[in-house]
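Student: Right, I'll just put the structure down here and ask away after.
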Amino acid sequence: MTTSVAASAAPSSSAVAERRTVALSGLRGAIARNMAQGWQAPRVAHSVDVDLSRVETLRAERAAAGEKLSLNTLVIHAVSRALRSHPRLNALMREKEIELVDDINIGIAVA
């Protein structure tokens, strides 16, 4: 690198990053508040390997009978049954208590 290139690439000693704020209102404000509130919930991640050979056999049998079952459909079914059997997994943490929820709502986002 030549001296002139190095000098022009170096940040100026008097350079100060400019910052400014923009008020959040309306829909953007509501989204920001909800996202910030969402970070108050505990985050848990767990990973396991699962043998799905029986599930694939079931899917193949159903496909032969003309019924198409997606893997998502079967996973949602299994999770909903597990939550019904273990209600403490389908709960909300409150300040000093756990709120057990009767409804089972499962959402899957796909892109």
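Student: Any idea which of (1) outside any loop (DSSP other than H, G, I, E, B); (2) within 20 Å of the chain's Cα centre (by Cα); (3) modelled with pLDDT under 90; (4) not β-branched (Val, Ile, Thr) is the one Ala78 doesn't satisfy?
Tutor: (3)
Student: Follow-up question, since we're still on this one. Restricting attention to the stretch 54-111, which residues are loosely packed, with under 11 Cβ neighbours inside 10 Å and among the acidic types (Asp, Glu)?
Tutor: Hits for the stretch 54-111 are Glu67, Glu95, Glu97, Glu99, Asp102, Asp103.
Student: Looking at the stretch 85-105, which of its residues are of a type in the set (A, V, I, L, M, F, W, C) and more than 21 Å from the chain's Cα centre (by Cα)?
Tutor: Pass one, the stretch 85-105, residues of a type in the set (A, V, I, L, M, F, W, C): 89, 91-93, 98, 100-101, 104.
Ile98, Leu100, listed by residue number.
Student: Tell me whether the stretch 36-49 contains one or more residues that are among the aliphatic types (A, V, I, L, M), surrounded by 10 or more Cβ atoms within 10 Å (Cβ to Cβ) and not in a loop (DSSP other than H, G, I, E, B).
Tutor: The first filter runs over the stretch 36-49 and keeps only residues among the aliphatic types (A, V, I, L, M), leaving 36, 41, 44-45, 48.
Narrowing further to those that are surrounded by 10 or more Cβ atoms within 10 Å (Cβ to Cβ): none.
The answer is no; no qualifying residue exists.
Student: A further question on this structure: Could you please let me know if Ser12 is exposed (fewer than 10 other Cβ atoms within 10 Å of the Cβ) and either of a type in the set (A, V, I, L, M) or at pLDDT 90 or above (or both)?
Tutor: Working: exposed (fewer than 10 other Cβ atoms within 10 Å of the Cβ): yes; either of a type in the set (A, V, I, L, M) or at pLDDT 90 or above (or both): no.
So Ser12 fails the test.
Student: Can you pull out every residue in the stretch 68-96 that is out of contact with any helix residue (DSSP H, G or I) (no Cβ under 9 Å at 6 or more places or on another chain) and more than 16 Å from Ile106 (Cα to Cα)?
Tutor: Met93, Arg94, Glu95, Lys96 - these are the residues of the stretch 68-96 that are out of contact with any helix residue (DSSP H, G or I) (no Cβ under 9 Å at 6 or more places or on another chain) and more than 16 Å from Ile106 (Cα to Cα).
The values are calculated or read from the model by the stated rules, or taken from the named source; none is laboratory data. All values reported here derive from a predicted model rather than from experimental measurement. Every residue, glycine as well, gets a Cβ built from its backbone with ideal geometry; the counts of neighbours run over all protein chains shown.
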